[in-house]
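Q: Submitted below is the structure of interest, expressed as structure tokens.
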Amino acid sequence: MKSDTLFMNISSDEVTISDWEMNIFLHRNDVEKVLWPKLVQLVREWNYKNIIVLNWPWGFTNLRVGTLCMNILNAIMKNQLNFYDTSKIDLYTHAYEKWFLPKYWVIYIWQKRNIRLRDFEKNERIWQYSFDEIKENIDSPSFLDEVVEDNYYPDSLNGYSKTSVSFDWSNLTIDYLDKIISFSIDELGLKPLKSVVPNYMMEPSITMQK
């Protein structure tokens with residue numbers, strides 16, 4: 001029997017749509033043209049009731065288009081869909097609290113001066129680095145979020161442990177080195193929503209003091 005839950009990752013270079021039987025990948029260059037008809041087709045064909053959304057971090061296009069398509073669809077369907085909204089920050093913080101991940105996280109979102117170091121213990125961004133600064137200033141155990149393909153990473157980021165977040169049909173799963181860590185909706189405390197807001201995570205710029 002097919003699941004009534006659909007998973008959407010709008011927090012990577014490709015929008016991922018998946019359930020326990022299929023995975024669809026839509027590149028951000030095409031997402032404005034192809035996401036809406038694909039989403040409508042799937043929901044009409046399989047009568048999904050729930051959509052879990054991985055919402056941040058990434059650039060504006062996938063977040064904006066992804067949330068817009070979901071909200072319009074739910075309006076057309078007279079709010080029959082339930083959204084469960086989370087982010088990699090939420091997932092990684094939960095994994096850190098369970099002793100699965102190290103204290104520090106490095107994330108690169110394909111912008112030359114937007115490599116961020118985050119402290120899970122304090123749940124805050126510590127600093128924002130450029131390519132050249134990161135190796136000089138980060139010597140604590142950390143892992144690198146794999147939000148884009150390997151060939152986008154600069155050489156200066158090589159050597160960090162990379163991880164990615166993926167969906168399966170019932171859980172949110174973190175693939176970190178040899179650990180596969182899954183969390184249920186209930187465990188993460190996700191509540192059903194009737195609309196979803198793009199989480200741009202607009203934080204003030206933090207730059208090195210010269």
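The values are calculated or read from the model by the stated rules, or taken from the named source; none is laboratory data. Every value quoted in this text rests on a predicted model; they were computed, and no experiment measured them. We place every Cβ from the backbone using ideal geometry, glycine too, and count neighbours over all the protein chains shown.
Q: Every residue in segment 50-85 that is farther than 14 Å from VAL196 by Cβ, of a type outside the set (Gly, Ala, Ser) and under 21 Å from the mean Cα position of the chain (by Cα), please.
A: Hits for segment 50-85 are PRO57, TRP58, PHE60, THR61.
Q: Could you figure out which of (1) in contact with an Asp or Glu (Cβ under 6 Å, 6 or more places away or on another chain); (2) in contact (Cβ under 8 Å) with a residue 24 or more places away in the chain isn't true of SER12?
A: Checking SER12 against (1) in contact with an Asp or Glu (Cβ under 6 Å, 6 or more places away or on another chain); (2) in contact (Cβ under 8 Å) with a residue 24 or more places away in the chain, the one that fails is (1).
Q: Considering only segment 27-47, state which residues are among the basic types (Lys, Arg) and either at pLDDT 95 or above or farther than 19 Å from SER3 by Cβ (or both).
A: Passing the criteria: ARG28, LYS33, LYS38.
Q: Looking at segment 64-72, is at least one residue surrounded by 15 or more Cβ atoms within 10 Å (Cβ to Cβ), out of contact with any strand residue (DSSP E or B) (no Cβ under 6 Å at 6 or more places or on another chain) and part of a loop (DSSP other than H, G, I, E, B)?
A: no
Q: Spot the failing condition for TRP20; the list is (1) surrounded by fewer than 20 Cβ atoms within 10 Å (Cβ to Cβ); (2) of a type in the set (A, V, I, L, M, F, W, C); (3) farther than 19 Å from ILE185 by Cβ; (4) under 19 Å from the mean Cα position of the chain (by Cα), and only one is missed.
A: (3)
Q: Considering segment 69-84 alone, what residues qualify as being more than 15 Å from THR16 (Cα to Cα) and touching a Leu at 6+ places or on another chain (Cβ under 9 Å)?
A: Once the filter is applied, which keeps residues that are more than 15 Å from THR16 (Cα to Cα) and touching a Leu at 6+ places or on another chain (Cβ under 9 Å), segment 69-84 yields LEU73, ASN74, LEU81, ASN82, PHE83, TYR84.
Q: Among the residues of segment 73-109 satisfying the criterion of being under 23 Å from LEU39 (Cα atoms) and assigned to a loop (DSSP other than H, G, I, E, B), which is modelled with the lowest pLDDT?
A: SER87
Q: On to the next question. Under 6 Å between Cβ atoms, which residue pairs at least 6 apart in sequence (or on different chains) link something in segment 54-83 that is within 21 Å of SER3 (Cα to Cα) with a partner that is of a type in the set (Gly, Ala, Ser) and at pLDDT below 95?
A: Pairs that qualify, where the first residue is within 21 Å of SER3 (Cα to Cα) and the partner is of a type in the set (Gly, Ala, Ser) and at pLDDT below 95, are LEU54/SER11.
Q: Residue by residue through segment 11-63, note down the ones that are part of a helix (DSSP H, G or I), touching a Leu at 6+ places or on another chain (Cβ under 9 Å) and among the charged types (D, E, K, R).
A: LYS38
Q: Let me spell it out: the conditions are (1) closer than 30 Å to LYS49 by Cα; (2) at pLDDT 70 or above, and ILE115 meets all of them except one. Which number is the exception?
A: Failed condition: (1).
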